[in-house]
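Colleague: My structure is below; once you've seen it, I'll send some questions.
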Amino acid sequence: MFRKKIQDPLSEVKREASELLKITSVFGNGDRIPSKYTCDDEDISPPLKIEGVKENTAELALIMYDPDAPIGTFYHWLLYKIPRDVVELPENIPKEKITKYGVQGLNDFNDIGYGGPCPPRGHGTHRYFFLLIALRESVDLKPGVRVNELFDKIRGRVAGYGVLMGTYSR
């Protein structure tokens, strides 16, 4: 059965979350994402620092998405089953189903792992959200899931979240 993709993941998470996490990178919140991390250059994942994970967290999930895509919200990265003690995701996480940093799902490019910003030329500035989610319970998810399946599993388990937003245009 076909279901419409979740269009506003942040609102979905905010309904459940009470704790705030901090997520930072080489670009500041609201700043332009360096081209190194986009389809115009190396197209590798940026380094991300994680702070504020509480003891009641079983694991983390990360969703990167573009709500400004002409076709609706476009998902660039799903990384889940991130161990709770991970404090940094390094640059260039391998585009493999299972990494030492977690398990990766299918992005909307239909690839495993990170797919960097790549808005249509002349479409203006797009916002890219890195949504970090703390889960109270582990989720049983295989590699390669899509965003709806991820959200089906994490609903009711969200303890906290953090958001980093970067921009990019071509």
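Colleague: Report the extension gain between Leu20 and Lys142 in nm, rounded to one decimal, defined as 0.36 nm multiplied by the number of residues separating them, less their alpha carbon distance.
Modeller: The Leu20-Lys142 span can extend by a further 41.2 nm.
Colleague: Using +1 at the Cβ of each Lys and Arg and -1 at the Cβ of each Asp and Glu in the chain, identify which of Gln7, Ile23, Leu62 lies farthest towards the dipole's positive end.
Modeller: Positive-end residue among those listed: Gln7.
Colleague: Output the peptides 101-107, 22-28 sorted from most to least packed, where packing is the average of other Cβ atoms within 10 Å over each peptide's residues. It would help to have the intermediate numbers written out before the result.
Modeller: Details: 101-107: 22.1, 22-28: 16.1.
So the peptides 101-107, 22-28, ranked by packing, come out 101-107, 22-28.
Colleague: If the only charges are +1 at each Lys and Arg Cβ and -1 at each Asp and Glu Cβ, what is the size of the charge dipole of the chain around the Cα centre, to the nearest 20 debye?
Modeller: 360
Colleague: Fully extended, how many nm does the chain gain between Lys54 and Glu91 (0.36 nm per residue separation, minus their Cα-Cα distance)?
Modeller: 10.9 nm
Colleague: In deg cm²/dmol and to the nearest 500, what is the mean residue ellipticity at 222 nm of the chain if only DSSP H runs of at least 4 residues count, each as -39500 (n - 2.57), divided by the residue total?
Modeller: After summing the helix terms and dividing by the residues of the chain, the value is -2000 deg cm²/dmol.
Colleague: Now a separate question. Under a 5 Å amide H to amide H cut-off, with H placed in plane at 1.01 Å, what residues pair with Arg84 once short-range neighbours are removed?
Modeller: Counting only residues 5 or more places away or on other chains, the set is Leu60.
Colleague: Right, something else. List, in the order given, every pair from Lys36/Lys95; Lys22/Lys100; Lys5/Lys54 whose Cα-Cα distance in the structure shown is over 24 Å. Please list the in-between numbers first.
Modeller: Details: Lys36/Lys95 16 Å; Lys22/Lys100 21 Å; Lys5/Lys54 30 Å.
Beyond 24 Å: Lys5/Lys54.
Colleague: Moving on to the next point. Can you give the FRET efficiency for Asp8 and Thr125, using 1/(1 + (r/R0)^6), R0 = 22 Å, r = Cβ-Cβ distance, to the nearest 0.05?
Modeller: Values: r = 19 Å, r/R0 = 0.86.
The value I calculate is 0.70.
Colleague: Between Phe151, Phe74, Phe130, which gets the highest mean-square fluctuation from a Gaussian network model of the chain, Cα cutoff 10 Å?
Modeller: For the chain, modelled as a Gaussian network with Cα springs under 10 Å, the answer is Phe151.
Colleague: Would you kindly calculate the translational diffusion coefficient of region 21-123, applying Stokes-Einstein with the Kirkwood radius from alpha carbon pairs, for 25 °C and a viscosity of 0.890 mPa s, and quote it in µm² s⁻¹ without decimals?
Modeller: Here the translational diffusion coefficient equals 171 µm²/s.
All of the numbers you see were taken from the coordinates with simple rules; none came from a lab. Values in this document were obtained by computation on a predicted structure and should not be read as measured data. Note: ideal-geometry Cβ built from the backbone for every residue, glycine included; neighbour counts use all protein chains shown.
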